Amino acid sequence: MNAKTTKISLIVLGTLFIIIMLVIPLFTVLVYALKQGWEVFSKAITDEYTIKALNLTLLTTFLAVVINTFFGLFSSWAITKFRFRGKQFLTTLIDIPFAISPVIAGLVFILVFGRIGWANDILQTLHLKIVFAVPGIILATIFVTFPFVSRELIPLMHAQGSDEEEAAALMGATGFNIYRKITLPHIKWGLLYGIILCTARALGEFGAVSVVSGHLRGKTNTLPLHIEILFNEFHLTAAFAVSSILVVLAILILILRNIVEYKGKKAENENVR
Amino acid sequence: MTRFSLKRKKNKVIPGFGLSMGITISMLSLIVMIPLLSILLALSGTSFNQIIASVTDSQVVATYKVSLICSLIAAIVNCVFGVILAWILTRYQFPCRRILDGFIELPFALPTAVAGIALTTIYSDTGWIGGLFNKIGVEISYTTVGITIALIFIGIPFVVRSIQPVLEKLDSQYEEAAMMLGASRSKIFFKVVFPEILPALLTGFGLAFARGIGEYGSVVFIAGNIPYKTQITPLIIMSKLEQFDYGGATAIALVMIIFSFVILFSINILQSKVNKAAKG
């Protein structure tokens, strides 16, 4: 076999894999969504429960992204700009949600706030409901997406070092100004990248949310859970129609991701020069 | 002593240590650590024998087998195709390369439930691909083959994205030198390139494997949840929860957590051995 045949056969093999494993599933969703025509499709995506589920998904995603970005900004600062004991251990702890099944992520909140949970008595006296209600869904989503932003920022800020910040601090700049004028410009693409990944995961989170949701239609149903119900009730077209909303969002996220990655690489090259 | 005081000084130059560390520790504790430790708290009420009984129940043991075997096969398949994909994306120029590259991340962006129902439909006996296999008597949806396919879908970006940066940075002068000395291309790949990407491949393998064991959304639809046959461990935790068997669910969850930590830990050890061997 000469170099050219190897090259062509590898490209064909790789492309076939992508088409069969990734492209066909994506197109299946769109084809099945429109199978019974535009009217059925638009009826499914403007259904009252779909809209409510979409709103809950957007609210959950927004809160998870805001809270995890807040955490990411502070934790990466603490981990990369200072020396202290147990730094490696702390970094490992932050990564734990990645190593844990989403089902377990949901389970732990039942063990805290559920009927058998140790915090149940406090919730009862305060008349609060967390599990099988919206706060539980938000908490489970935050748990699952917890490391996304900080994981992107830590290696980036580590590579950057802290000389510039030290110089600025010695010259009397305030912490906020150092962050805004020195650190942020270096990490902005990485930060955006982390936010995009976090958004994607939060939008689609299923296992963890499924455990704590209780599946109350119109109340604690997120979009992925709504799709599950429609699919299990054999409303195939409706399930795929609702899925297509998430597919469009996923494609948008992929495009954004590629733009941000490209810009980030460009900025990195300019820094080197 | 001087060294120690220097360190202290360095810490003090940049502001915000107390604030950022305080926020980090308290959020980590509230959102991750305290809920996780509740697993141990919840199990402290149950006797040791009871825990052992629920995690060694024959139906539960069958789920470990399904989960481990399917994730292992999926991770191996992903290693093969992951190397091919990373190779063609970094070494060759061809039309649609950038689009192909962008598609790799689709499993991260596409919600798992959507992937799950799409794969189930494609591979069911009336679906586009499942229909073809049905003619030769092979069923995919609602079998372990279907579970493996879903896990391949979910794991592929981990492997490709682990190897790709290493291949990009790999200096081609060694390959050229080997070529000049008359080595065959397959020999160059296995003797020169492969040892370089092996640590990254192991990382990708470990991530895909661990993710596969925990995966729920994309598998739950295609698995069919037949006890002893296509029930995966996350699914049995779910059904225990639906039957309000919190003790059983928690005990199995602990076993799963131990599984994933053992996998990630052994991958780390293997990696450091490979790195040592590479350094000679």
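Here are the numbers:
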| quantity | calculated |
| --- | --- |
| Set of aspartates and glutamates near residue A:87 by C-alpha distance (under 15 Å), chain-local residues within fewer than 8 positions excluded | A:95 |
| Spatially proximal lysines relative to residue A:4 (Cα-Cα < 25 Å; intrachain offsets below 8 disregarded) | B:169, B:187, B:191 |
| C-alpha center-to-center spacing [region A:77-104, region B:202-280] in angstrom | 20 |
| Where only alpha carbons of region B:56-279 are counted, the Rg and the Dmax (Å) | 19.9, 68 |
| Derived scalar couplings ³J(HN,Hα) [region A:142-149; Karplus, 6.51 cos²θ - 1.76 cosθ + 1.60; whole Hz; x for Gly, Pro] | 4, 4, 5, 9, 3, x, 3, 6 |
| Where chymotrypsin sites (Phe, Trp or Tyr not before Pro) fall in DSSP loop in region A:39-97, at most 16 other Cβ within 10 Å | A:84 |
| Region A:137-180-region B:11-67 distance, computed between alpha-carbon centres (Å) | 26 |
| Region A:13-62 shape via C-alpha gyration tensor axes, a/c threshold 1.5 | oblate |
| Helical segments meeting 18 Å axial Cα length and Kyte-Doolittle -1.0 threshold in chain B (DSSP H) | B:58-91, B:144-169, B:194-214, B:246-279 |
| Contact order normalised by residue count of chain B, Cα under 8 Å, 6+ apart, percent | 27 |
| Distance between region B:154-200 and region A:204-259 - C-alpha centres, whole angstrom | 39 |
| Shape of region B:209-270, Cα gyration tensor, a/c cut at 1.5 | oblate |
| Kirkwood Rh, angstrom, the protein assembly as shown [1 / mean 1/r, Cα pairs] | 25.1 |
| Integer Hz, Karplus 6.51/-1.76/1.60 couplings in order for region A:55-69, x for Gly and Pro | 4, 5, 4, 5, 4, 4, 4, 4, 5, 4, 5, 4, 5, 6, 5 |
| Residue-averaged 222 nm ellipticity for the protein assembly as shown, from DSSP H runs of 4+ at -39500 (n - 2.57), nearest 500 | -25000 deg cm²/dmol |
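We did not get these values from a lab; they are worked out from the coordinates using the rules stated. Model, not experiment: these values are computed from the prediction. Here the Cβ is made from the backbone with ideal geometry for all residues, glycine too, and neighbour counts use every protein chain on show.
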